[in-house]
1. Need pairs with beta-carbon distance below 8 Å; first residue over 18 Å from I169 (Cα atoms) and of a type in the set (S, T, N, Q) and within region 194-206, second open to solvent by 20 Å² or more (accessible area, probe 1.4 Å) and in a strand (DSSP E or B); sequence gap 6+ or separate chains.
2. Search region 9-35 for residues that are over 11 Å from F134 (Cα atoms) and pair each with any residue that is open to solvent by 40 Å² or more (accessible area, probe 1.4 Å) and assigned to a helix (DSSP H, G or I) when their beta-carbon atoms are under 7 Å apart and the residues are at least 6 apart or on different chains.
3. Which of the residues belonging to region 6-33 are closer than 19 Å to K226 by Cβ and of a type in the set (A, V, I, L, M, F, W, C)?
4. Evaluate region 163-180: report whether one residue or more is crowded, with 16+ Cβ neighbours inside 10 Å, small (G, A, S), assigned to a loop (DSSP other than H, G, I, E, B) and touching a residue at least 24 places away in the same chain (Cβ under 8 Å).
5. Among the residues in region 205-215, are any at pLDDT 95 or above, in contact with a Lys or Arg (Cβ under 9 Å, 6 or more places away or on another chain) and buried (at least 18 other Cβ atoms within 10 Å of the Cβ)?
6. Which residues, counting only those in region 70-111, are under 23 Å from G168 (Cα atoms), free of Cβ contacts under 8 Å to residues at least 60 places away in the same chain and of a type in the set (V, I, T)?
7. Please identify the pairs in which a residue from region 247-266 that is within 22 Å of I200 (Cα to Cα) has its Cβ atom under 6 Å from the Cβ atom of a residue that is in a strand (DSSP E or B) and among the charged types (D, E, K, R), counting only partners at least 6 apart or on another chain.
8. Pairs please, first residue from region 112-137 and over 26 Å from R217 (Cβ atoms) and assigned to a loop (DSSP other than H, G, I, E, B), second anywhere and within 16 Å of the ligand (Cβ to nearest atom) and of a type in the set (D, E, K, R), Cβ atoms under 9 Å, 6+ apart in sequence or on different chains.
Amino acid sequence: MAKRIRIGALISGSGTNLKAIIDACRDGRIHGDLVFVGADRPEAPGFRWATENQIPTFCVDYRDIIRQYREKPEQVPVPGPGDLEASISRQQIFPATASADRVRAFFTTRLAAERQLLAKMAAYPFDLLVLAGFMRNLTPYFIDSINTDLMHPRIMNIHPALLPAFPGIDGYGDTFRYGCKVGGCTVHFVDYGEDSGPIIAQKSFVIRPADTLETIRRRGLEIEWKLYPRCVQWFAQNRLQIERVTHALSGGKRHVRTIVRLLPSS
Ligand code: GAR
C-alpha cells in the first residue's frame with residue numbers, strides 16, 4: 001500500500017477540482033490528505049470546501065500587491081538580491097521581444113506574492129502541490145523552491161484544453177471559438193513556461209454541433225474531476241517517472257523534452 005502523501009492546494013475560483021481531490025482522499029481513491037488550501041484572493045468561493053473539511057486556509061492577495069506596485073513600486077519587497085534577475089533570465093512566459101518594463105513589473109509583483117505564499121506554506125510540510133484552478137503563473141523562484149530535485153517535480157496543474165493547444169486563461173473558450181471538434185483537459189507538471197510542463201495525462205471529449213461554451217465547460221469539468229484525482233494517486237504511488245528524451249525532428253532540428261512515463265502499478 002502506497003504511503004499517504006501530504007497535498008497542498010492553491011485555488012482562485014470555485015474549487016470544484018479541489019473538492020474532487022478532497023472527496024477522493026476521503027473515499028480512498030487517493031492515498032493522501034490535504035494539508036492546506038491557499039488562494040490568491042480572499043473571496044475565492046472554493047475556500048468553502050476547505051472550511052467544511054477542517055483544512056487550514058490562507059490567502060495572499062495578489063491584487064493588493066499589484067496595486068501597491070502601481071502606486072509605490074519601490075515599496076514592494078522582492079525576496080533576495082538576485083532572485084528577480086534570476087527569475088527573469090530563466091522565465092519562459094514572455095517572449096524575448098516583450099517590453100523589459102512589463103516583464104520587470106510582472107516578476108516583481110509575482111515574486112513579492114510568492115515570497116508571502118512560501119512563508120505561509122512553510123507551516124504545512126507537503127509532498128505535492130496541486131494547482132486547482134489557480135489563475136496565476138508561477139515564477140522560477142517559486143518553482144525552484146519546491147522542486148529541489150529536477151527528477152521529482154512536485155507541482156501539478158490541470159488545464160482546460162488538450163495542451164499544447166490553447167495554453168492561457170480560457171482553454172475551453174479558446175477550444176470552442178476555434179471550432180475544434182474535440183476538446184479536453186490536461187494534467188501536467190509545472191515548468192517555467194505557461195502551461196508548457198511535462199504532460200501526465202489527458203482526456204478528450206467530442207464537441208457536437210449543438211454544444212455551446214456552457215455545455216463544453218460543464219462536460220470538461222466533469223472529466224477534470226475524474227482525471228485530476230487519478231493523477232494525484234499516481235504521484236502518491238510513485239508511478240510518475242521523469243525522463244529526458246532527445247528527438248530528431250523533420251528539418252534536421254533536435255528537440256529535447258522532459259516527459260512523464262506512467263509506471264505500471266506494483
Ligand atoms: C478548471 O476548468 C481548470 O481546468 C481551470 O480553471 C477551472 C477551475 O475550476 N484552470 C485553468 O484554466 C488554469 N490555467 P475549479 O475552480 O472549479 O476547479
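1. S204/V182
2. Short answer, once both residue conditions are applied: T16/L221; T16/W225; A20/W225.
3. I7, A9, I11, L18, A20, I21, I22, A24, C25, I30
4. no
5. yes
6. Across region 70-111, the qualifying residues are I88, T97, V103, T108, T109.
7. Pairs that qualify, where the first residue is within 22 Å of I200 (Cα to Cα) and the partner is in a strand (DSSP E or B) and among the charged types (D, E, K, R), are T258/R244; I259/E243; R261/E243.
8. Note: no pairs meet the criteria.
The values are calculated or read from the model by the stated rules, or taken from the named source; none is laboratory data. Quick caveat: nothing in here was measured; it's all calculated off a predicted structure. Note that each Cβ is placed from the backbone with ideal geometry, even for glycine, and that neighbours are counted across all protein chains shown. These accessible areas exclude ligands, DNA and RNA; they are computed on the full protein's heavy atoms, side chains included. Shrake-Rupley method; radii C 1.70, N 1.55, O 1.52, S 1.80 Å.
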